[in-house]
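*Asks:* Before I ask anything, let me first share the structure, which is written out below as structure tokens.
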Amino acid sequence: MIENKYDEDELKNKSINELTHLFMDIIHEQNILLIEGIESLVKNDFTKFKNNLECVAQTTTEVQVKKVFESKIFKAKLMFSKADRLKLFSKINDIKNIGEYLTNRMLLYRVIFPDNEFKLQLSSILKSLKLISNELTIAVKLIGDDLEKAYDICEEIKEERRKMRMEEWELLNRLYNYDMDYISRTFLYLKNMIEDIMMLADHIKNFSEYIQFLSAKYLIFK
Amino acid sequence: MASDFTQLIIVVLIILAIGLAFSIGANDETLSALVGTGALKFKLALLIGGIAIGSGMIITSGGFVAKTVGSDILGKGLTYSTSMLLTVLISSIIWLVIGSFAGIPLSSTHSLVGSVVGVVIVYSITQEVVSPENAFNWDKLGSVILSWFFSPLFGFVITYLLFRILAKFYLSRLKGLNQIEKAERSFKWLLLVAIIFAEIWVGANSGEALGILYGLLDNGSLAVQEYFFYAVICGIFAFLGIYIAARFVIRNLASQMTDSRPSEGLIIQTSSAIILMIATLFGLPISHSHVIVFCIIGMNIAQKKEVEYKYLGKMGIFWILTFPIAALLAGIIYFSFSTISFI
């Protein structure tokens, strides 16, 4: 479970690298909570869905880490990678922003899935989302120690995203062409949910491309 | 005893030579790579760079490039008259100013030597004291002109090889950003050493100012002690050029270099310093900017980056044209002066 508050001094003693890793861990944890929350919704477990999503919406520990990071990066004696590290951090932050947006939209309405096949397809997409979120966390942590490995992991993320995209269009197709008509609120809710998941997955893919850009920029091949 | 008018020209020449030394410092961008890494505080970097360029100029003032420009380039028994030196300076200043207004990067070295050639040719034709064939030390002049072609090429090759070697045995083994940062922190201090080394040889190879003074020494207008006194003054003004005037261009360039790696700067500066050192020891005045441009190209090619050949081609044309145009301009000015009996 996400810690409520970090010790300020402990945070200040962490390096830029450690703060980035911690920030990534917090955001990743929130992402997993969000995905598991949606999975609970698919299983009609509304209590877990609500708890998970409210936890994501209310947690602010990442703000604490962000503030310490920002105050440290400007004083850091990093020479040429300062701008890139700052951008990396802001890209992690964007995951939180998109996740928060998705969370708040999903909390607006209590949906009941009318279609079992839809549920199965959505579960498959959520599984892929969890996978790419995990891989992205590993890739971000590898930037400091092994850019080559980070590059390879990002390649896997992009491959998984390609697979996901096809499933997402199939899901939207199913939504628009379902035999029975949904009530308009349900239709709108499900459509927005799929599009928001696509947005989050796209951001993860773009982020992985940025990590690959960093690898190409910094690595000098023989 | 020289006439009052000649005395006046000598004073003007000394002032212009000192002004040239100041402009050499003011146009020097070598420090930007160092300032960009943040290795030293800005003012300290200017101070160190200024001292290095001034020292280079003073230490080598007894011969080398100054002697080549001020004496060795001329044929046996021929020395510059004060009016010839004045024309050389006026012509190269005019050509450099035209270049600046047109936005064309020109070499002050090529411009000065070109002006010398133009003035001496017109002098030998109009004064009939010496024939144009004997007016020059052709071996020396030939070596100087050849060095203009070879120095950028050597700069390119040395940079390319140094980078390939460093990449193969060290840089390619750095896997993560943390390792790279740590290694580059060490390169930052090596870059400081390389920049000081480069600045010394930039000062030593800047023959424009001291070449004029050496010409005055060679024709007897200046005594040896006076020459060395003014050489020291030139060194001090080169220092002031960096400290007072170059700071703006250095700060501007450095702000664009925060992303560049100290290891790259180290290789480029070391290569150009080696070329400048060899050229100086052989008494060959070469263009620092031409060498640096080719070092950067060598680095880009070694890193498999794109090179803007179109821009390079345009720049190459102006590089080649500088010498003949400066010679022509100087010849015309000298001829005009002698026609109106100004000199």
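*Asks:* Calculate the length of the line joining the C-alpha centroid of the stretch A:149-190 to that of the stretch B:118-179, in whole Å.
*Replies:* 63
*Asks:* Another one. What distance in nm separates the simple spin-label points at B:ILE332 and B:LYS76, each placed 7 Å from Cα in the Cβ direction?
*Replies:* Each label point lies 7 Å from its Cα, and together they span 3.6 nm.
*Asks:* Is the shape of the stretch B:46-113 best called rounded, prolate or oblate, per the rule: a/c under 1.5 gives rounded, else a/b larger than b/c gives prolate, else oblate, with a ≥ b ≥ c the square roots of the Cα gyration tensor eigenvalues?
*Replies:* Since a/c reaches 1.5 but b/c is at least a/b, the shape of the stretch B:46-113 is classed as oblate.
*Asks:* Still on this structure, I have one more. Could you sort out which of A:LYS66/B:LYS182; A:LYS5/A:LYS91; A:LYS14/A:LYS141; A:LYS75/B:LYS175; A:LYS12/A:LYS67; A:LYS141/B:LYS305 sit more than 19 Å apart by Cα distance in this structure?
*Replies:* A:LYS66/B:LYS182; A:LYS5/A:LYS91; A:LYS75/B:LYS175; A:LYS141/B:LYS305
*Asks:* Contour minus end-to-end for A:THR60 and A:TYR109, with contour as 0.36 nm per residue of separation and end-to-end as the Cα-Cα distance?
*Replies:* The A:THR60-A:TYR109 span can extend by a further 15.3 nm.
*Asks:* Can you tell me the convex hull volume per residue for the stretch A:177-222, based on C-alpha atoms, in Å³ to the nearest whole number?
*Replies:* Hull volume normalised by residue count: 65 Å³.
*Asks:* Further question: Among all stretches of chain B without exposed chymotrypsin sites (Phe, Trp or Tyr not before Pro) (DSSP loop, at most 13 other Cβ atoms within 10 Å), which one is longest?
*Replies:* With a cap of 13 other Cβ atoms within 10 Å, the longest stretch comes to B:171-341.
*Asks:* How far, in nm, would the chain grow between B:VAL193 and B:ILE125 when pulled straight, counting 0.36 nm per residue and subtracting the alpha carbon separation?
*Replies:* Extending this stretch completely gives an extra 19.6 nm.
*Asks:* In addition: Please compute the alpha carbon radius of gyration of the stretch B:14-166, then divide it by the globular-protein estimate 2.2 N^0.38 Å. Two decimals is fine.
*Replies:* 1.25
*Asks:* Stokes-Einstein diffusion coefficient for the stretch A:52-152 at 4 °C in a medium of 1.567 mPa s, Rh from the Kirkwood formula over Cα pairs: what value in µm²/s?
*Replies:* Reported coefficient: 78 µm²/s.
*Asks:* How tilted is helix B:262-281 with respect to the longest principal axis of chain B? Cα atoms for both, answer in degrees (0 to 90, nearest 10).
*Replies:* Taking Cα atoms only, the helix is inclined about 30 degrees.
*Asks:* Using the alpha-carbon atoms, what tilt in degrees (0 to 90, nearest 10) does helix A:116-142 show relative to the longest principal axis of chain A?
*Replies:* 0
*Asks:* May I ask for the distance between the Cα centers of the stretch A:85-141 and the stretch B:7-53, given as a whole number of Å?
*Replies:* Each part reduced to its Cα centre gives a spacing of 58 Å.
*Asks:* Would you mind computing, in nm to one decimal, how far apart the modelled labels at A:LYS149 and B:LEU146 are, each placed 7 Å from Cα along Cα→Cβ?
*Replies:* It works out to 5.6 nm between the two label points.
*Asks:* Dipole magnitude of the stretch A:48-206 about its Cα centre, charges +1 at Lys/Arg Cβ and -1 at Asp/Glu Cβ only, in debye to the nearest 20?
*Replies:* 800
*Asks:* While we're here: About its Cα centre, how strong a charge dipole does the stretch A:88-138 have in debye, to the nearest 20, once Lys and Arg get +1 and Asp and Glu get -1 at the Cβ?
*Replies:* The dipole magnitude comes to about 100 debye.
*Asks:* Here's a follow-up. Per residue of B:179-186, count partner chain C-beta atoms within 10 Å of its C-beta, then hand back the mean as an integer.
*Replies:* That works out to 4 on average.
*Asks:* Moving to a separate point now. Let me check I've understood the local charge: for B:SER271, count other residues with C-beta under 14 angstrom from its C-beta, Lys and Arg +1, Asp and Glu -1. What total comes out?
*Replies:* Residues close to B:SER271 contribute a combined charge of 0.
*Asks:* What is the spin-label model distance, in nm, from B:ILE94 to A:TYR101 if the labels are put 7 Å beyond Cα along the C-beta direction?
*Replies:* For the pair B:ILE94/A:TYR101, the computed spacing is 6.5 nm.
*Asks:* In the calculated pair distance distribution of chain B, what percentage of Cα-Cα distances lie above 27 Å?
*Replies:* 45
*Asks:* Using a/c under 1.5 as the rounded threshold, could you call chain A rounded, prolate or oblate? The axes a ≥ b ≥ c are square roots of the C-alpha gyration tensor eigenvalues, and prolate needs a/b larger than b/c, oblate otherwise.
*Replies:* Oblate shape, in that a/c is at least 1.5 and b/c is the bigger or equal ratio.
*Asks:* How high is the relative contact order of the stretch B:31-177, in percent, counting Cα pairs under 8 Å that sit 6 or more residues apart?
*Replies:* This gives 21 percent for the stretch B:31-177.
*Asks:* Hey, what angle do you get for helix B:108-127 against the long axis of chain B, alpha-carbon based, 0 to 90 degrees rounded to 10?
*Replies:* Helix B:108-127 and the main axis of chain B meet at about 20 degrees.
*Asks:* Apply the Debye scattering formula to the stretch B:113-168, with a single equal point scatterer on each alpha-carbon and no solvent, then give log10 I(q)/I(0) at q = 0.12, 0.18, 0.20 Å⁻¹.
*Replies:* At q = 0.12, 0.18, 0.20 Å⁻¹ the computed log10 ratios are -0.47, -0.68, -0.76.
*Asks:* What do you get for trypsin sites (Lys or Arg not before Pro) in the stretch B:287-330 restricted to DSSP loop and a cutoff of at most 16 other Cβ within 10 Å of the site's Cβ?
*Replies:* Filter output for the stretch B:287-330: B:LYS304, B:LYS305.
*Asks:* What net charge do the residues around A:LYS67 carry, taking every other residue with its C-beta under 12 Å from that of A:LYS67, with Lys and Arg at +1 and Asp and Glu at -1?
*Replies:* 0
*Asks:* Also, quick follow-up: Given H placed 1.01 Å from N in the peptide plane, which residues other than close sequence neighbours of B:LEU74 have an amide H under 5 Å from its amide H?
*Replies:* Amide H neighbours of B:LEU74, under 5 Å, 5+ apart: B:ASN137.
*Asks:* Quote the convex hull volume per residue of the stretch B:244-343, based on C-alpha atoms, as a whole number of Å³.
*Replies:* Residue-normalised Cα hull volume stands at 179 Å³.
*Asks:* Another one. Mind grabbing the base-10 log of I(q)/I(0) for the stretch B:1-85 at q = 0.15, 0.21, 0.23 Å⁻¹? Debye formula, identical points on the C-alpha positions, no solvent, two decimal places.
*Replies:* Once normalised to I(0) and log-transformed, intensities are -0.75, -1.08, -1.18.
*Asks:* Continuing with the same structure: Tell me which of A:PHE213, A:LEU122, A:PHE187 sits at the most positive position along the dipole axis of chain A, charges placed on C-beta atoms (Lys, Arg +1; Asp, Glu -1).
*Replies:* A:PHE213
*Asks:* Assuming 0.692 mPa s and 37 °C, estimate D for the stretch A:1-80 with Stokes-Einstein, Rh taken as the Kirkwood radius over Cα pairs, in µm²/s.
*Replies:* Answer, rounded: 235 µm²/s.
*Asks:* Using only alpha carbon positions, build the gyration tensor of the protein assembly as shown, then give the equivalent ellipsoid semi-axes as the square roots of 5 times its eigenvalues, largest first, whole angstrom.
*Replies:* Equivalent-ellipsoid dimensions as semi-axes: 70, 23, 19 Å.
FYI, it's all coordinate maths here, none of it is from the lab. In this text, all values refer to a predicted model and were calculated from it rather than measured experimentally. So basically every Cβ, Gly included, is an ideal-geometry build from the backbone, and we count neighbours across all protein chains shown.
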